[in-house]
Structures are given as C-alpha cells and as structure tokens.
Amino acid sequence: MYDYLIVGAGLFGSIFAYEATKAGKKCLVIDKRSHIGGNVYTEEVEGIAVHKYGAHIFHTSNKEVWDYMNSFVEFNRYTNSPMAIYKDEIYNLPFNMNTFCKLWNIKTPDEAKEIIEKQKKEAALPEGCEPKNLAEQAISLVGRDIYEKLVKGYTEKQWGKRAEELPAFIIRRLPVRFTFDNNYFNDKYQGIPSGVKGYTGIIEKMLEGVEVRLNTDFFDDRDTYMNLAGKIVYTGMIDEFYDYCYGELEYRSLRFETETLDIPNFQGNAVNNYTEYEVPYTRIIEHKHFDFGTQDKTVITREYPATWKKGDEPYYPMNDDKNNSLFSRYKEKAEAEGKVIFGGRLGEYKYYDMHQVVLRALEVVRTEVYNQ
Ligand SMILES: Cc1cc2nc3c(=O)[nH]c(=O)nc-3n(C[C@H](O)[C@H](O)[C@H](O)COP(=O)(O)OP(=O)(O)OC[C@H]3O[C@@H](n4cnc5c(N)ncnc54)[C@H](O)[C@@H]3O)c2cc1C
C-alpha cells in the first residue's frame, strides 16, 4: 500500500512526489505518456535539448521558487526576446522602442508616443461605447499599425477565429514600452536549465528513488488505482475524472512539426513569431538558441494552433466565463473529496506557468504532507 498515488509525472506531480518521499511517504507515480516531465519534457536531438511541447522559458520574481528550481540544476542566462515576422518585415517584441523605430523610422519616445496616441484617437469609439470585439479593443489600446502588423493575424491564428468575431476581453492589456528593451518578461529571474538534459534533468532528479510507471493510464484500471494508496494526487483533466458529469470543459490544442536541418543556424533566435494570418503556424522555435548552442546541426519546430476535441492533447484551458463557471461546479465536487487532491494545470483548470505550478505544488505539500 502506498501513501500517495500520483497521477501525472509533470512538474506538479514530480514536485509532490519528491517532497512527499523526502518526508518519508511511499509514493507511486503513473503517467500515460512514455516519458516523465509532462509538458516541460525536453528530449536530446543532435546534442540539443529540444522542447518537445513548445518553448518553455522559466521566469519568476519569487526568490524561493527560483532557488528551489536552481537546487536541482543550474539555469543559464537566457532572456526571452522573440522577433515578429510580418510579410517581409521583422520587428522586436515586446512592443518597445526598437519596434517603433522600425515601424515608423523615428528615434525618440516622444515621437513614438505621439504616433500611438494619434492612432488611438483616430479609432476612438463614441463616448460611452465599449469595444464590441477584439479588433476594436486592440486598436483602442495600441493604435492601428501595431494592431494590424503584430496583433491581428497572430491572435486570429491562436484562437481560430477572425478578430471581429472574438470577444474584447481576450486582450485586456497590450503593454508598450518606451525604452529600448527587448526582454519579454518583467520578472526578476529568468533562464533555461543548462545542458542537454534541459527540464528533463530536473524532473529526473525529483523522481530519483520514486517508483514511476510510464505508459500507464489511470482510467485503464481506475478501481485498482483508487485502492492502491491512502490518497491520490491527480493532475489530469478534472472533467475526465468525473466522467464529464456536468459537461466537457474546453481547451485549445497545438500541433508541432519538428525537423533537423543540416545547417548551424536557421533564424538566429530561439523564438520567432509569425504575425500574418496567411502563414499557418504561429511560431518557429530554434531550440539550440535557448542554451547558446554551437552544434553543427539545428532543430526547429513549427507550432500550429489547433481546435481541441476529446482525445487531443489539452494544452490550454479556455478560462472564459462559460468554462470557469462549469469548472466551479467540478471544483465544488472536488472539494468534497476526502481521498483525491487535484493539482496542476489540468487538475485546477488554470493556465499556470511553471513558476506558479512550483508555488502551488509546494503549498499543497505544506498542507497535505506537513499539515501546516
Ligand atoms: C506550448 C506551451 C508553452 C508553454 N510555455 C511556458 C513558458 O514559456 N513558461 C512557463 O513558465 N510555462 C509555460 N507553459 C506552461 C507549463 O507547461 C505548465 O505550467 C506545466 O507544464 C504544468 O505542469 P503540470 O504538472 O500541471 O501539467 P502537465 O505538464 O500537463 O502534466 C500532467 C501529466 O499528467 C499526465 N496525465 C494526464 N491524465 C492522465 C491519466 N489519465 N493517467 C496517467 N497520466 C495522466 C499527462 O500525461 C502529463 O504528463 C507552457 C505550456 C505550453 C502548453
């Protein structure tokens, strides 16, 4: 008999297993995939750590979280500075003075501010009117040029709908920076695990000495698994756990196309966004640049947004009002459970970044394992 059966060897499940084992608990981790790590899994190809499920950049302002991750492996100094490619033009992201100089051939913050303000004014809605859709909302925030070249097509591809059909609330803020600063994140700490093992090296260390069964789906033998341990930590889809009794939650999915190229450098940057609608992928990731690689070959991945249907990989929870209120019914049911703890991105139906998963998992460990 185990103290804990942990369903999911992703970041949440692995942190829980590591901490509970350290506290003397007997844990079994199962995962339906053929590898550990969930979506942070990295795989070695040609001496390069390939982010199998899309670009993963660790960033946080929480020192406790940063130190925790660095206690497993060393992180490098990678700073996320994506480029945006629109037709035959290339721009820096996030929107900053480098972007504005290229867009309008100007030099100073005052010139940039003036243009943005003028464009916002031109698109202003009559007094008392709220933006009806994403297009109106985005133009009211950043003006027409930035919207048309850098926001419109990318967002439409991400959501699978035209901007005029998307609700305004999807974009609440579109930050603009009037400094020459291409650092995508505002967090104090940022980086990627150094070396060819990438994030998988962290998960391996967390799961050292823990019994792990891969290619093992909880639902293939639910009754047996439910009785194998005193408690279950479940990091899969919460609606699936309850057999969709209140209905299905919605997700967005992705499709990845990866290829190895016999050249050392394809795009000179780890992440390039393609912001025009006609190019079907949203980004190309060149993995070696996450760790300043100098290998002879390179590996690139094209990322295509995809509509999710049952059986597909649920990458992004769709946290709109409709789905959040459906989730709250599942959450009520979950809170009444004595034996099952729901955690992580799918268990809590929340778009958590990695640092948020670390914090949540450590919080759950404190209350669950240490009764604090
Ligand atoms: C494309 C993409 C890019 C991202 N980029 C970033 C980034 O740059 N920075 C950042 O901080 N975060 C990023 N994230 C978020 C990050 O991936 C998550 O925060 C983190 O992986 C969540 O960990 P988790 O353990 O909750 O979930 P998961 O990684 O999804 O792990 C859940 C595990 O449970 C397993 N499982 C599910 N159901 C069952 C079952 N029935 N039986 C057995 N096993 C099961 C799954 O196979 C999976 O391995 C990104 C996410 C995506 C999708």
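Here are the numbers for this structure:
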| read-out | value |
| --- | --- |
| Given (1) out of contact with any helix residue (DSSP H, G or I) (no Cβ under 7 Å at 6 or more places or on another chain); (2) without any contact (Cβ under 8 Å) to a residue 24 or more places away in the chain; (3) under 20 Å from Tyr277 (Cα atoms), index of the condition Gly160 fails | (2) |
| Identity of the residue in the stretch 46-61, out of contact with any His (no Cβ under 8 Å at 6 or more places or on another chain) and aliphatic (A, V, I, L, M), that ends up surrounded by the fewest Cβ atoms within 10 Å (Cβ to Cβ) | Ala55 |
| Residues within the stretch 228-281 that are of a type in the set (Val, Ile, Thr) and closer than 25 Å to Leu5 by Cα, tallied | 4 |
| Criterion (closer than 12 Å to Thr275 by Cβ and not aliphatic (A, V, I, L, M)) met by exactly one of Glu64, Glu89 | Glu89 |
| Count of residues meeting criterion [basic (Lys, Arg) and within 15 Å of the ligand (Cβ to nearest atom)] in the stretch 276-308 | 2 |
| Tally of residues being on the phi > 0 side of the Ramachandran plot and either touching a residue at least 24 places away in the same chain (Cβ under 8 Å) or surrounded by 18 or more Cβ atoms within 10 Å (Cβ to Cβ) (or both) across the stretch 110-157 | 1 |
| Matching residues in the stretch 90-109 - criterion: being among the β-branched types (Val, Ile, Thr) and either within 20 Å of Ala168 (Cα to Cα) or surrounded by 18 or more Cβ atoms within 10 Å (Cβ to Cβ) (or both) | Thr99 |
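We did not get these values from a lab; they are worked out from the coordinates using the rules stated. Values in this document were obtained by computation on a predicted structure and should not be read as measured data. Note that we place each Cβ from the backbone using ideal geometry, even for glycine, and neighbour counts take in every protein chain shown.
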